[in-house]
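The values are calculated or read from the model by the stated rules, or taken from the named source; none is laboratory data. Everything numeric here is computed off the predicted structure, so don't read it as measured data. FYI the Cβ positions are ideal-geometry reconstructions off the backbone, even for glycines, and counts take in every protein chain you see. Side chains are part of the model used for accessible areas, which takes the heavy atoms of the whole protein and leaves out ligands, DNA and RNA. Shrake-Rupley method; radii C 1.70, N 1.55, O 1.52, S 1.80 Å.
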Amino acid sequence: MPRPTRSQILRRRFGALIAATVLVAIGVWAATAAIDKVKKGSGATQGSVPVLATYKIVFPEGFTRAAMADRIQVVDEIAQVKRKIHPLLASSDYLDATSNSLLPAKYALDKKARTLEGFLFPSTYDLFEHDTAPVLIRKQLTAFRQAWGSIGLKFAKAKNLTEYDVLIIASMIEKEAVVDSERPLIAAVIYNRLHGRMPLAIDSTIRYALNVPGTRSLTASELRDPTPYNTRIHRGLPPGPISNPGLPSMKAAAHPANVDYLYFVAKPDKRHHFFTADAAAFQAYLASHGYGPHP
């Protein structure tokens, strides 16, 4: 076969170069078109997935399980009206999902199922609009375990208190204290009255059981109500937590102040309390500030 001439070789190389250039150009065009398609959302990738709206829900320290459910309802309504989003988190589902759990039994050292009152850690939670009640509850329980694991329970256990007992005490402190410095003092009163086998006489436990708001005085009949949560007439701790406490109240419940106080009552400023170990001094303070007799 005759050998190609130099000019034929050059023409063939030039043709091959043109063909390769065309192929590269086609590949670049195809890739660019695909990227544009994704960016415009016309493909089944990132662009076609709707962006999920987020929102926050805030639970203050001392909220009960019922109050948290009410807050969920309010947040849902605000989200729908003002932000035009429709959260899947429902207050009824939240109440149902927190109404019966074996988790408290691990802290009470028994096998009794209870509500998750006390374990629903109060904080600010970020949620997607498609998140449901179990998602929020898992977040709260995770936050609870982190907080609870930091407090140290050696002193309380030496007093023959279970972890659940300490949580109950923390929940009472949360409802009674306003300023952090008084939380260990209120804890001391509770410990001292338990040790002396005296009724705790903490009216917030009655309010919890009878659903009486703190803005209204308890009536004489309510103060005599036989509910197990009436710590005026029943000695010892109430059956369970009366709120969901924050970390400061947890710490105070585990580490009460080293004082002999047996009594406390709110001062006129509604923030601080009068503390004493003397029954006569306590009754005198009550009388001078318009309070009725108190156990």
If I go through region 82-103 residue by residue, how many of them are of a type in the set (S, T, N, Q) and in contact with a helix residue (DSSP H, G or I) (Cβ under 9 Å, 6 or more places away or on another chain)? 4
Hey, any hits in region 111-124 for a residue that's more than 21 Å from Ala53 (Cβ to Cβ), part of a helix (DSSP H, G or I) and either of a type in the set (Lys, Arg) or open to solvent by 50 Å² or more (accessible area, probe 1.4 Å) (or both)? no
Single residue of region 189-221 satisfying the filter (in contact with an Asp or Glu (Cβ under 9 Å, 6 or more places away or on another chain) and over 26 Å from Ala156 (Cβ atoms)) that is surrounded by the most Cβ atoms within 10 Å (Cβ to Cβ): Val212
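Let me confirm something: among Ala44, Ala19, which residue is part of a helix (DSSP H, G or I) and either loosely packed, with under 12 Cβ neighbours inside 10 Å or at pLDDT 95 or above (or both)?
Every option except Ala19 fails the conditions.
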Near pairs, Cβ below 6 angstrom, 6+ apart or cross-chain, from region 242-266 (closer than 21 Å to Ala66 by Cβ and in contact (Cβ under 8 Å) with a residue 60 or more places away in the chain) to any residue that is of a type in the set (Val, Ile, Thr) and in a helix (DSSP H, G or I): Ile242/Thr205; Ser249/Ile173
Residue check for Ser181: loosely packed, with under 15 Cβ neighbours inside 10 Å and closer than 24 Å to Ala266 by Cβ: yes
Positions within region 210-265 being of a type in the set (Val, Ile, Thr) and within 21 Å of Gly292 (Cα to Cα), in sequence order: Val212, Thr215, Thr219, Thr231, Ile233, Val265
Pairing a residue in region 71-84 that is surrounded by 12 or more Cβ atoms within 10 Å (Cβ to Cβ) with any residue that is of a type in the set (Ser, Thr, Tyr), where Cβ atoms lie under 8 Å and the two sit 6 or more apart in sequence or on different chains, gives Ile72/Ser91; Ile72/Tyr94; Gln73/Ser91; Val75/Tyr55; Asp76/Ser91; Ala79/Tyr55; Arg83/Tyr55
Leading residue by the ranking (nearest to Gly149 (Cα to Cα)) among those in region 233-246 that are of a type outside the set (Gly, Ala, Ser) and open to solvent by less than 50 Å² (accessible area, probe 1.4 Å): Pro245
